[in-house]
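Visitor: So that we are looking at the same thing, I have put the structure below in structure tokens.
The values are calculated or read from the model by the stated rules, or taken from the named source; none is laboratory data. Note that the structure is a prediction, hence the values are computed from the model and not measured. Note: ideal-geometry Cβ built from the backbone for every residue, glycine included; neighbour counts use all protein chains shown. What goes into the accessible areas is simple: the full protein's heavy atoms, side chains included, and nothing from ligands, DNA or RNA. Shrake-Rupley method; radii C 1.70, N 1.55, O 1.52, S 1.80 Å.
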Amino acid sequence: QVQLVESGGGLVQAGGSLRLSCAASGSIFSINDMGWYRQAPGKQRELVASITSGGSTRYADSVKGRFTISRDNAKNTVYLQMNSLKPEDTAVYYCRARIAVTLYWGQGTQVTVSS
């Protein structure tokens, strides 16, 4: 079974930075696309950024220019560098990975940005 383990969340002031990481472990043949989602209390989960196996990236308009997604295929790990954080970025951030035809989700990590 595949597990996604996230780390790097925490509390920061507005304008600060955090780097999230998500490492996949278990029975992995290859990982297709990986992405980061976030969900604030009372709101729908939304896509923040995604990256394909070939390195193509997509970002939500709200984070373009501030967040950067990257991956290390050798380590089966995806990262999200978050700069110039805003209070509206506060949410639980979830890692998602597609392995073969199955989607896997991490447990989520809390990111809180104070004003």
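Visitor: Regarding region 63-74, can at least one residue be identified that is closer than 20 Å to Gln3 by Cβ and of a type in the set (S, T, N, Q)?
Guide: Yes, region 63-74 contains a residue that is closer than 20 Å to Gln3 by Cβ and of a type in the set (S, T, N, Q).
Visitor: Here is a follow-up. Go through region 1-63 and tell me which strands (runs of 3 or more DSSP E), entirely inside it, have 2 or more residues that are in contact (Cβ under 8 Å) with a residue 60 or more places away in the chain and either closer than 17 Å to Asn73 by Cβ or hydrophobic (A, V, I, L, M, F, W, C) (or both). Give the derivation first.
Guide: Numbers: elements: 3-7, 10-13, 18-25, 31-39, 46-51, 57-59.
Those strands (runs of 3 or more DSSP E) span 3-7, 10-13, 18-25, 31-39.
Visitor: Mind checking whether some residue in region 85-108 is open to solvent by 60 Å² or more (accessible area, probe 1.4 Å), out of contact with any helix residue (DSSP H, G or I) (no Cβ under 7 Å at 6 or more places or on another chain), outside any helix (DSSP H, G or I) and closer than 15 Å to Gly10 by Cβ?
Guide: No: zero hits.
Visitor: Out of all the residues in region 21-38, which are open to solvent by less than 20 Å² (accessible area, probe 1.4 Å) and over 23 Å from Ala60 (Cα atoms)?
Guide: The answer is Ala24, and nothing else.
Visitor: Which residue is farthest from the chain's Cα centre (by Cα), if the candidates are limited to region 64-84 and must be touching a residue at least 24 places away in the same chain (Cβ under 8 Å) and assigned to a loop (DSSP other than H, G, I, E, B)?
Guide: Ser84
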